[in-house]
Every structure is written in structure tokens, then in C-alpha cells.
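Notes to accompany the following structure.
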Amino acid sequence: MFGPLQYSYTADDEYDQLPPLPPQMKAPPKKAAHLLDIPTGNNAWSAVLQQAEIRRRKRRQTTPEHPSRALFCLSLDNKLRRTCIKLVEWKPFEYLVLLTIFCNCGALALSKPLPHNDTTPTNSILEQIEYIFLAIFTLEVVLKIIAYGLCLHPNAYLRSGWNLLDFIIVVVGFLSVILVRYNVQGFDVKSLRAFRVIRPLKLVNGVPSLQIVLNSILRAMLPLLHIALLVLFVITIYAIIGLELFCGKMHMTCYYNGTTIMPPEDPIRPCGEKGRKCPAGQECKDIGWVGPWFGFINFDNFGLAMLTVFQCITMEGWTSILYRLESFFIVIDCESHRKSNEYEIARMNDAIGREWAWIYFVSLIIIGSFFVMNLVLGVLSGEFSKEREKAKQRGDFQKLREIQIIDESFRNYMAWIRKAEIGNDTTDGAENDVALDASGEPIKKQGKLETHCSWLYEKLYVNK
């Protein structure tokens, strides 16, 4: 059974700003933990207490959930503000906002933008509906500003990043409406309307699971920056090696003898002294062919080499690049092909021949793609696990606070009843020396006060 708590709870206390727990609360009560489904493992409980202790050290002063004044004039006793607080914290209001966001997404999907300010009957109807959506989102912003304040209080409306995003969306919507209404010249209204596509992000503010995912991505930015430096290092090293091995190797191709006309091959392939040999009547020359892939994928300079290495790391077409540098084609050994000399019955190498280019590309894929790029997934997975664990601990601590509220209310109520009964016993004893019940028998003192709260007391704190 716990001793009396050394603090009084108020509704404005946050879970991270509670006073230090008494020694009796170092472990969760067995009965209360069973009733409220709190995990009784030492690891989960110690993690909750450790997180609360860290937050208490960072913010020692108690910050109320709602500021005493909003917009410098609306106090907590103001009827309008109290109504706004109840409304924005009302669950059906949140569901209404989410439903509006879904409807707005559907309207954006049905819209068909046309050039030269042309429109259709459907677009005209959707533009009128857009005003309704904007009015609902504006009403939401106004109610939350009145309830929580604008920006000065730590829990004010604009102190939340997601609320700031909602505010920017509403402001941009008003700007586009004003520009269209007054027909402002020299300004592209469509560029402002393009911001409407970010309205689905308002869902994040109402769906906690999405907040966990996005918070994981944001918190992983610093570790991802370190991995990006490692990826840049790998790309730089392999780009320099590629410059040394393959610079200028992909610009020679076959031309008709004595001309600058290339044969109609699809695709046009490189050739070389040690690589692919041109058929009879053609010669291998370098007279201005940009190379395969319109000259963008090669190792002629450091920039293009880095682009080529990056494409290989993403495993997009890296085998085609390998085959252009060193490819092996096994051709059917048939007599007609041998006589017509249309194919060489051998291993045909395109640009450089058998120079072991496959070692370069295979090692690049193993190091760059299989190892380095998968580190990104590992970091994101780790941060997501941390955020999910924090959300779980936050929920457990919220349940702990409910236990503390029940305990404080119960003890205050018991103290109030005990004080009243002791006062009655003292008065009766002073008059009659012995307290009598309704039948005239002396009242027997019991070891524990029998009230309608005893059942709750037994249920929560007495271990049988």
C-alpha cells in the first residue's frame, strides 16, 4: 500500500512535468497495473521513468496546457475561448476535419487543368467547392488560435510544425482567391494553386501513426547525412578508377569505308581494336559519334563518370553499361551465317575487349548497392523503431498518470470523510462520553474506515 503522494495534481500538468515520484511508486502497483493494462516488466517501467526524469530536468517549470491568455485579451474564463477549447478537443470535430481533407483530395483528383485559362463545367463546380473547403480550414485555424494562442506560449498554435504547415496552406489559399478575384496582372495564379497538392499533408496532424513515420524520417536526417558522405566517397573513388580505365573508350563505331555514314544498327554499338570487329566493307573510326545513350553515360570526364557510377549503384541498367564495354555474345554456329560473314562466331567484345571490366562493375554493385545503400534502410528502420517505442512509452506514462489521479482523488476523499467522522465522534463523545449508534449501542471502532470507497481501495492497492 502506497504512502500519501507529496503533490497535488492539476489538469494542466503535462506528463513530462510531473513532480518526482515517491519511493513507493518505483514499481507499478500490481492490481492497478492489471486493471489498466500497464506492462509490469522492469525494462518498460524503468524506460518510462527515465524518460520522464530527462524531460523534468530539461523543463523544471510547470507549463500549463493552455495559456492564461490568448491574443492578449481572451482569458481562460472567457466563454468564447472555453467554447473553442471544448470544440477543438472534441473528437467529432477532428473527424470532420479529416473527412474534409479526404473530400478535398477527391476534388483535386477530379480537377482537369487546361491551358490558356480554359475550363470545363466540372472544373467550375470544383472551384466553387474549393471556397467551402477553404472556409472550413480557415475556421479550424481560427478556433485553434483562440484556444491555444498564436505563437508566444510553448503550446501555442504556431509552435507546432504541422500546425504551421496548415497555416501556410490556408494563407496561400487566400492569396490565390484574392488574386483571382481582383484579376491581378503579372502574377501566375496557377503556381499558387499548385500548393493545394500539399493539403493531404494535413492528415499527418490527425493521424498519430503518420506522425511516427515522418518523425522517424526527420530524426534520421543526421545519420543519413553521414551515410550520404560515405556514398559520395564510394562514388568518387569509382569515378576516378573509371576515368583511368574507360576514358574515351565509347566513341568509336563502324562506318562504311571512306565515308562518314554509319550502318543502320539499332542500337549503335562501339567497336575497338581489341573489342568488336566491324564487318567487311566497314571500318572502326572515331569521327564524332557521341556514344551510346546520347553521350550521357560514359567516363569521359569526372562529372559524367560520377553520373554513370551513381546509375550503376541504383542498379538501373548497369549490365547494359558493362556489355557496352565488355560484352560476350554467343552466336549459333550455322553454315549460312559463316558464309554470309554477317556474324562472327566467337566472343565479340564491344569497346575494349577482354579487359576484365566486369571486376570493376561487380565490385561496385557489391560495395555500393548491396552494402552502402542498404545502410539507408537500416538507419530508417532503427529510427522508426525508436519513435514507435517512444510512442508506446508515452502511452504507458499516460496510464501511470491516470493511476496517480485515482490515487490522489481517493486519498483526498478518504481524508475528508475521516476528518468529518472524527469530528462527529468528538462531538458525541463530549456530550455522552461514549458514541452511540441509532439503536443506542456503543459504536465499535473498526480498523479501517468502511465507506463506499473501500471497494475501490481494495481493488487498486490491497494485495491479497
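Pull out the extension gain between residue 151 and residue 87, defined as 0.36 nm times the separation in residues minus the alpha carbon to alpha carbon distance; nm, one decimal.
Full extension of this stretch gives 21.0 nm more.
Strictly over 18 Å apart at the Cα level, which of 144/202; 249/285; 91/392; 144/390 would you flag in this model?
Numbers: 144/202 14 Å; 249/285 12 Å; 91/392 21 Å; 144/390 26 Å.
From 144/202; 249/285; 91/392; 144/390, over 18 Å: 91/392; 144/390.
Testing the spin-label approximation: label points 7 Å from Cα along Cα→Cβ at residue 209 and residue 414. State their distance in nm.
Placing both labels 7 Å beyond Cα along the Cβ direction yields 4.2 nm.
What does the C-alpha gyration tensor say about the overall shape of the range 159-253? Classify as rounded when a/c is under 1.5, otherwise prolate if a/b is larger than b/c, or oblate.
Details: a/c = 4.31, a/b = 1.68, b/c = 2.57.
The shape class here is oblate.
Got a sec to turn the phi values of the range 200-205 into Karplus ³J(HN,Hα) couplings, 6.51 cos²θ - 1.76 cosθ + 1.60 with θ = phi - 60°, whole Hz, x for Gly and Pro?
Those phi angles translate into x, 5, 5, 4, 4, 5 Hz.
Report the full-extension gain for the segment residue 75 to residue 241: residue separation times 0.36 nm, less the Cα-Cα distance, to one decimal in nm. Please list the in-between numbers first.
On the way: separation 166, 0.36 × 166 = 59.76 nm, distance 6.95 nm.
Full-extension gain reported as 52.8 nm.
How large is the dipole of the range 80-132 about the Cα centre if only Lys and Arg carry +1 and Asp and Glu carry -1, each at its Cβ, rounded to the nearest 20 debye?
Roughly 380 debye for the range 80-132.
Suppose R0 equals 35 Å; then what is the FRET efficiency for residue 171 and residue 398 from their Cβ-Cβ distance, rounded to the nearest 0.05?
For residue 171 and residue 398, the calculated efficiency is 0.55.
Can you work out the FRET efficiency for the pair residue 160 and residue 124, with r the C-beta to C-beta distance and R0 = 35 Å, to the nearest 0.05?
With R0 = 35 Å, the Cβ-Cβ based efficiency is 0.45.
Which GluC sites (Glu not before Pro) in the range 202-309 pass both tests, a DSSP loop state and at most 11 other beta-carbon atoms within 10 Å?
Counting only loop positions with at most 11 other Cβ atoms within 10 Å, the GluC sites (Glu not before Pro) in the range 202-309 are 265, 273.
With +1 assigned to the C-beta of every Lys and Arg and -1 to the C-beta of every Asp and Glu, and no other charges, what is the dipole magnitude of the range 154-296 about the Cα centre in debye, to the nearest 20?
Computed charge dipole of the range 154-296: roughly 640 debye.
The numbers here are math on the coordinates, done by the rules we state, and not lab data. Keep in mind the model is a prediction, meaning the values are calculated, not measured. As a convention, Cβ positions derive from the backbone with ideal geometry for all residues, glycine included, and neighbour counts pool all protein chains shown.
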